[in-house]
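Every number here is computed from the coordinates shown, using simple stated rules; none is lab data. As the structure is a computational prediction, the values presented were derived from the model and not from experiment. When we count neighbours, we look across all protein chains shown, and the Cβ atoms used for this are built from the backbone with ideal geometry, even at glycine.
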Protein chains: 4
Amino acid sequence: MENPTAVLLLSCPDQKGIVASISGFIFQHEGNILHAAQHTAQPGNILFMRIEWDLAGFAIPREGIKEAFRPLAERFRMKWNIRFSDEIPRVAIFVSRHVHCFHDLLLRHLMGEFRGVFPLVISNHPDLQPLAEQFGLAFRYYPITQENKAEQEEREMEELERQRIDLIILARYMQVLSPAFVNRYKNRIINIHHSFLPAFAGGKPYQQAYERGVKIIGATSHYVTEALDDGPIIAQDVIEISHRDSINDIKIKGKDIERVVLAKAVRLHLADRILVYGSKTIVFE
Amino acid sequence: MENPTAVLLLSCPDQKGIVASISGFIFQHEGNILHAAQHTAQPGNILFMRIEWDLAGFAIPREGIKEAFRPLAERFRMKWNIRFSDEIPRVAIFVSRHVHCFHDLLLRHLMGEFRGVFPLVISNHPDLQPLAEQFGLAFRYYPITQENKAEQEEREMEELERQRIDLIILARYMQVLSPAFVNRYKNRIINIHHSFLPAFAGGKPYQQAYERGVKIIGATSHYVTEALDDGPIIAQDVIEISHRDSINDIKIKGKDIERVVLAKAVRLHLADRILVYGSKTIVFE
Amino acid sequence: MENPTAVLLLSCPDQKGIVASISGFIFQHEGNILHAAQHTAQPGNILFMRIEWDLAGFAIPREGIKEAFRPLAERFRMKWNIRFSDEIPRVAIFVSRHVHCFHDLLLRHLMGEFRGVFPLVISNHPDLQPLAEQFGLAFRYYPITQENKAEQEEREMEELERQRIDLIILARYMQVLSPAFVNRYKNRIINIHHSFLPAFAGGKPYQQAYERGVKIIGATSHYVTEALDDGPIIAQDVIEISHRDSINDIKIKGKDIERVVLAKAVRLHLADRILVYGSKTIVFE
Amino acid sequence: MENPTAVLLLSCPDQKGIVASISGFIFQHEGNILHAAQHTAQPGNILFMRIEWDLAGFAIPREGIKEAFRPLAERFRMKWNIRFSDEIPRVAIFVSRHVHCFHDLLLRHLMGEFRGVFPLVISNHPDLQPLAEQFGLAFRYYPITQENKAEQEEREMEELERQRIDLIILARYMQVLSPAFVNRYKNRIINIHHSFLPAFAGGKPYQQAYERGVKIIGATSHYVTEALDDGPIIAQDVIEISHRDSINDIKIKGKDIERVVLAKAVRLHLADRILVYGSKTIVFE
């Protein structure tokens, strides 16, 4: 196994000395930087940085690292976070009836593509229970109606708390989450939308694409915000179609890119490679 | 040189015997079919067909072919057209100030990529006159204001008539054509829009893309209709961008796909490979 | 359910009247052509054609169609085949230890992407038995050594006969099939090679790609011939990599395109959309 | 105009403190880091870094920067180089008869895509002289035979010296350069090869691709080394083809990606974004 590492993700107003101060902090305490990437966004002059270092031989004990770093962070007015590679995130998957994204996530998890554990599946339909259990995941069924929605979301959030979930994946989950829910898990809910956003937001995007006669269809993974299909985009991909493709052909082609785009977003998030700034993402690939 | 060929493009309600009748017509008159492609669209049950045959040895003299085919066309209620490969279409390019698409078309023309002649450039700015003339094209300058627009379009259409123009290419032409103009050249005006339509229709699509934080940008070539950026799409392409790309980087990347997508549409149109049906295209590649 | 259809795939020396004769044959017997595509290859002047028609109302009973068509086929010296859409092909999957392509095929089968049944899995390792059985497929384990190879292949072929298998998919099967085996199933064995052939044929293609420092990796599905990794190519796809990608990252990225490319080849084959001519394929998409 | 910047490119054995030392050096002298990217390659444990800082307000006068940095470089055994963004590289283009890449470079230069000046064109054919001069570039014609090759290369190198050329672009130049020439301009000659290397190295790659029946063709830009088509790859791209594409169609499609891939490599080189290590490139995009 690889040594545990620390990952620092930060943004702050740009000024002289930030990189030097951070790398100096790591070096003074005997850390070896493994990856560093920095980006300054114009306009606004905001610096974004991801820096990862080896914890082997690092002079500050792990539980003191955040405290030791705080003065530096305050001096540069950073928004920041430090995570350790051996603290494995806990992930819940929300599904409805579509199996392809769900199945794909399970397979990738099985093959070790994600730094995460997947204890929990939540659904508004019972259909995928056997599949979830076959892969050893707990399945919770919360049917949603207009009347019981608030109450059911309450129960879902309790379950998420109980399971100490860090990340929620909406793997073609066909319910809109309430603002309260979204805000509780801000920048921690990843959705897959089966269009090339902002084109064809809302319902039935493949049908919309078919009717408009586009020559390429897409898929978009994004963080969920209160406004539907409008959150910060993490990854997108596209595939060519032609007049020969029926709606059904388009759906089959689309499933391939949905799976790839959702998995990419999940992988990046779990590797602490995404910073959200305003309505956009900075992705350190 | 290759033998001249005839290309029949048609659409009609599907029924038994259409392919047999058309291919029978060609065979009875000693024609050899070089390419045939057929597509039936659901819903609507409309048949689309492109069929190309060698004119060498064809028993009907060229000037009688359309007349001879007419009874068949009427029997199946076809919308149809027959063109001959040695009747070279005449193309006018409309430009403003952007040079990349214009230049690219000229270079491709020089390299023999298009079945067409390019006698005429029309612009609302004088900037590209030297380049046009360097390549031997006549350049007509019609500055457009809100006041003189109708009158200037009138003069443009006269020039297009005089030059017997078959196809108009808007190579980043920054004026909206009037409905009267558009309808005169229905399905014979090709525009390049620098976004992945229907996303980012209207002005400044790269700016819109930058602000939305998309991870892929696109370009779309389409026939011009009265509704802006809403005509039948002929070709689209995309390219990846990231948070590192400034607006200027996006523009540079976008230019590459604009050029490719516009050239593709022009090539397909000039090879009689496009049928327009409703708001969509059938492209026989 | 859709009506059953007949698909005629053929190649023959090009001459006048082929399309007319075939479409005439269908029309005379009251058939409605649903799809027709034709291609003439230069040099060689060989015509390739795929034509599909509705069997509902077709005047020749199904068991007499081939016989009725034979005189026409002989007149034009065709290589040809007629298949019926409701005669479902039987598919065997060969696997070793890699799970991703195997799993992907099963999932797509479950979602109805393939016109085929999948009764049988054959492997030289026992590892994937539980997964195969979980999806309801029979699993046959034939460990292969240098000594027992001929004998084990004999047993495999018996099993394939017994199960009346029409198509074999090598889903990352890590054994080279003998010429005798390959020839028995000529153009009916589809392999996935994890490189952009002809680059990186042979073993460890990702390692080779990594060492050469390419910026794009690929995957290739092809029919298996006696010469290793040299059969007619059906489909290819690629994905970008960079210096940041380790061998392991490359493998993860590659798996995504392996799955898509293999599935595409299988889908095309099962829909009778592929003609093999010499060392190439004609793919009627 | 933007402020001038300094770009440091380096590689060295990885150890603790490198990033801290370099960023500390810049910060101590009042420099503001604009971009920093670092990569550590496994196996070998080599660190690669590109760091760019604003020269406005930098405390060391420009002519002293390299001297001031040298002790640090020696301490970490770096291979390194510092360049200033306002010292514009001088570029020579080598051409034969193909116009597309040459024309494309000129157009991009005109549109300001490259940080470079293009004073000189060298060719073994006179054909492109008018085009070169139309764009204001000096054109030198050195016809090459087996007998005069060494002598002509000598004259070319003299001309390159006289013009103080920093980078040579082989824009489909159809002569193999001698080892002496190549070594004089090591990692400063960029070639475009019209295949997806290492597939189809050598002559007539499109013909080779056509005969093999691949479904995707490619283009590769690379630094020239003594071994033909074997230098470090900078950029690659691909485009789909099908059985319908003749050799001529393939060439037309290929030209589009040749242009894009060559331009990308030139842009990256001129922006000091490429490090060569062994037979590979590290590209800081």
### Query
Over the stretch A:12-120, what is the mean sequence separation of C-alpha contacts under 8 Å (at least six apart), divided by residue count, expressed as relative contact order in percent?
23
### Query
Amide H to amide H, which residues 5 or more places from D:F139 or on other chains are under 5 Å from it, using H placed in the peptide plane?
D:V121
### Query
For the protein assembly as shown, what is the largest minus smallest coordinate of the Cα atoms on each principal axis, given in angstrom and ordered from greatest to least?
89, 72, 69
#### Entry: With Cα atoms, 0 to 90° folded angle of helix D:149-162 axis to chain D main axis
40
### Message
Through the Karplus equation 6.51 cos²θ - 1.76 cosθ + 1.60, θ set to phi - 60°, convert the phi angles of the stretch D:75-85 into ³J(HN,Hα) values in whole Hz; use x for Gly and Pro.
### Response
4, 9, 6, 7, 8, 8, 7, 10, 10, 10, 5
### Message
From the phi angles alone, apply the Karplus equation (6.51, -1.76, 1.60; θ = phi - 60°) to the stretch C:33-50 and give each ³J(HN,Hα) in whole Hz, x where the residue is Gly or Pro.
### Response
6, 9, 9, 9, 9, 9, 8, 10, 8, 10, x, x, 6, 9, 9, 10, 8, 10
### Task
At 0.36 nm per residue, minus the direct Cα-Cα distance, what do C:R164 and C:K16 gain on full extension? Give it in nm, one decimal, please.
49.3 nm
### Message
Please list, by residue number, everything in the stretch C:83-108 whose backbone N is under 14 Å from a paramagnetic label point 7 Å out along Cα→Cβ of C:R62.
### Response
C:83-89
### Task
Filter the cross-link list A:K251/D:K255; A:K16/D:K66; C:K215/D:K16; A:K215/B:K79; B:K215/C:K215; B:K255/D:K186 down to pairs whose alpha-carbon distance in this structure exceeds 28 Å.
A:K251/D:K255; C:K215/D:K16; B:K255/D:K186
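For B:29-36, what's the mean count of beta carbons from other chains sitting within 10 Å of each residue's beta carbon?
Taking the mean over all residues of the peptide, I get 5.
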### Query
In the stretch C:136-199, what GluC sites (Glu not before Pro) fall in a loop by DSSP, with at most 12 other Cβ atoms inside 10 Å?
C:E147
### Theoretical FRET efficiency, 1/(1+(r/R0)^6), r = Cβ-Cβ of C:A201 and C:E147, R0 35 Å, to 0.05
0.85
### Query
In chain B, what % of DSSP beta bridges are antiparallel (nearest 5)?
70
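With only Lys, Arg, Asp and Glu charged, each at its Cβ (+1 for the first two, -1 for the last two), find how big the charge dipole of chain D is about the Cα centre; round to the nearest 20 debye.
On the way: 34 positive and 35 negative charges, 95 e Å.
Roughly 460 debye for chain D.
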## Note on the structure
Using the Kirkwood radius over Cα pairs of chain A, the Stokes-Einstein translational diffusion coefficient at 20 °C and 1.002 mPa s, in µm²/s and rounded to a whole number, is 104
### Query
With charges set only on the Cβ (+1 for Lys and Arg, -1 for Asp and Glu), what does the dipole of the stretch A:1-101 come to about its Cα centre, in debye to the nearest 20?
460
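Restricting to Cα pairs below 8 Å that are 6+ residues apart, what does the relative contact order work out to for chain C? Please round to a whole percent.
Value for chain C: 15 percent.
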### Task
Give the long-range amide H neighbours of C:T5: residues separated by 5 or more places, or on another chain, with amide H under 5 Å away, using H modelled in the peptide plane at 1.01 Å from N.
C:L55, C:S85, C:D86
#### Entry: Spin-label proximity, C:R184 to the stretch C:145-169 - amide N less than 14 Å from point 7 Å beyond Cα toward beta carbon
C:149-168
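Can you pull out the GluC sites (Glu not before Pro) in the stretch B:20-115 whose DSSP state is coil and whose Cβ has at most 15 other Cβ atoms within 10 Å?
Within the stretch B:20-115, the qualifying GluC sites (Glu not before Pro) (loop, at most 15 other Cβ atoms within 10 Å) are B:E30, B:E87.
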### Query
Hey, got the average number of other protein chain Cβ atoms within 10 angstrom for residues in B:213-224?
5
### Query
Non-local amide H neighbours of B:F196 (under 5 Å, H modeled in plane, Pro and chain starts lacking H): which ones?
B:G218
### Cα pair distances of the stretch A:5-84 binned at 5 Å [whole percent]
3, 15, 30, 27, 16, 6, 2, 1
### Query
Where both residues lie in the protein assembly as shown, what percent of DSSP beta bridges are antiparallel, nearest 5?
70
#### Entry: Within the stretch D:147-285, percent of DSSP bridges classed antiparallel, to nearest 5
85
### Task
Counting helices only, and only those DSSP H runs with n ≥ 4, report the 222 nm mean residue ellipticity of the protein assembly as shown as the sum of -39,500 (n - 2.57) divided by its residues, in deg cm²/dmol to the nearest 500.
-10000 deg cm²/dmol
### Query
Residue-wise, which Karplus ³J(HN,Hα) couplings in Hz belong to the stretch D:99-113, taking 6.51 cos²θ - 1.76 cosθ + 1.60, θ = phi - 60°, and x for glycine or proline?
9, 5, 5, 4, 4, 5, 4, 5, 5, 5, 4, 4, 7, x, 6
